[in-house]
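These notes are about the structure you will find just below.
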Amino acid sequence: ERLGVKGFPTMLFMKDGEEVNRITGLQQKPAIVKAIDEIL
């Protein structure tokens, strides 16, 4: 609740203690890999 998660599944991507991205709903592997690559 404190992170504002309203749907399942929800993936929060954190960097230095701050949310930098969020993916809500069922996602294919390429979309998840892309989100991770954008953060790194």
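Out of segment 1-14, which residues are loosely packed, with under 13 Cβ neighbours inside 10 Å and either at pLDDT 90 or above or among the aliphatic types (A, V, I, L, M) (or both)?
Listed by number, the residues that qualify are LEU3, MET14.
Does GLU19 satisfy the condition of being touching a residue at least 12 places away in the same chain (Cβ under 8 Å) and part of a strand (DSSP E or B)?
So GLU19 fits the description; yes.
Kindly indicate which of VAL20, VAL5, VAL33 is on the phi < 0 side of the Ramachandran plot and in contact with a Leu (Cβ under 8 Å, 6 or more places away or on another chain).
VAL5
Restricting attention to segment 13-40, which residues are over 18 Å from ARG2 (Cβ atoms) and hydrophobic (A, V, I, L, M, F, W, C)?
Matches in segment 13-40: ILE23, LEU26, ALA31, ILE32, VAL33, ALA35, ILE36, ILE39, LEU40.
Which ones in segment 4-16 are touching a Lys or Arg at 6+ places or on another chain (Cβ under 9 Å) and part of a loop (DSSP other than H, G, I, E, B)?
Within segment 4-16, GLY4, VAL5 meet the criteria.
Look through segment 22-40, keep the residues that are assigned to a strand (DSSP E or B) and not charged (D, E, K, R), and return whichever of them is surrounded by the most Cβ atoms within 10 Å (Cβ to Cβ). I'd like the intermediate steps shown before the answer.
Residues of segment 22-40 that are assigned to a strand (DSSP E or B), as a first pass: 22-24.
Cutting the leftovers down to not charged (D, E, K, R) gives us 23-24.
On the way: ILE23: 15, THR24: 13.
The selected residue is ILE23.
The values are calculated or read from the model by the stated rules, or taken from the named source; none is laboratory data. Nothing here was measured: the structure is a model prediction, and the numbers come from that model. Positions of Cβ are backbone-derived with ideal geometry, glycine not excepted, and every protein chain shown enters the neighbour counts.
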